[in-house]
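Reviewing the structure listed below.
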Amino acid sequence: MNPQGSSIINDAYFAAAKIKIEAAETCEEIQALGNELMDSMNAQLNAIKQQFAFLQPIMSLLVSPSADLTKIVTWIEGFISSFLQPYVAPVENYIQQIAALEAAISDLESAIMEAASKIESCTVNLPAVAQVALSAG
């Protein structure tokens, strides 16, 4: 078996699929396997197409704008919109996740302390929770 990432596709997956197809005993079984495999392949190809479409504007940044000021400004604007903005888009999601996690942690800490208070001589020492501060520049 090839190590992860050493082949452009998972050859073992296709070999196993072929064995399943060859072992099928009914037309319905072959049809079901065919549908399952082709749906999976279409999903994978569509994911590749989506990623390629996402990367296409970034690929255009590989062409130098030369000394033309208009092209330089356009290149910089393309760099910001095609590379920097998508690259940092997850920051907003992380900020929301941190806020939600902090609220959930606080709720769990309260529940733990309340449960401990119901048991005689129960002392709970919780580990410290990491503090995360994100700034958007």
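A few comments on the model shown:
- When GluC sites (Glu not before Pro) are flagged only if DSSP places them in a loop and at most 14 other Cβ atoms lie within 10 Å, the longest unflagged stretch of the chain comes out as 26-119.
- For Val132, the shell of other residues with beta-carbons less than 15 Å away shows a net charge of -2, using +1 for Lys and Arg and -1 for Asp and Glu.
- Largest to smallest in accessible area, the residues Leu37, Leu62 fall in the order Leu62, Leu37 (1.4 Å probe, all protein chains included).
- Rounded to the nearest 500, the 222 nm mean residue ellipticity of the chain from helices alone is -22000 deg cm²/dmol, with -39,500 (n - 2.57) taken per DSSP H run of at least 4 residues.
- Summed over the residues of region 1-106 and divided among them, the accessible surface reaches 82 Å² per residue at a probe radius of 1.4 Å.
- Solvent-accessible area, 1.4 Å probe, carbon plus sulfur percent, for region 1-126: 63 percent
- Cross-link reach is defined here as a Cα-Cα straight distance under 30 Å, omitting same-chain residues fewer than 8 places apart; for Lys20 the lysines meeting it are Lys49.
The values are calculated or read from the model by the stated rules, or taken from the named source; none is laboratory data. Quantities reported herein were computed from a predicted structural model and do not represent experimental measurements. Please note: Cβ atoms are built from the backbone with ideal geometry, for glycine as well, and neighbour counts cover all protein chains shown. In case anyone asks, the SASA skips ligands and DNA or RNA and just uses the protein heavy atoms, side chains included. Shrake-Rupley method; radii C 1.70, N 1.55, O 1.52, S 1.80 Å.
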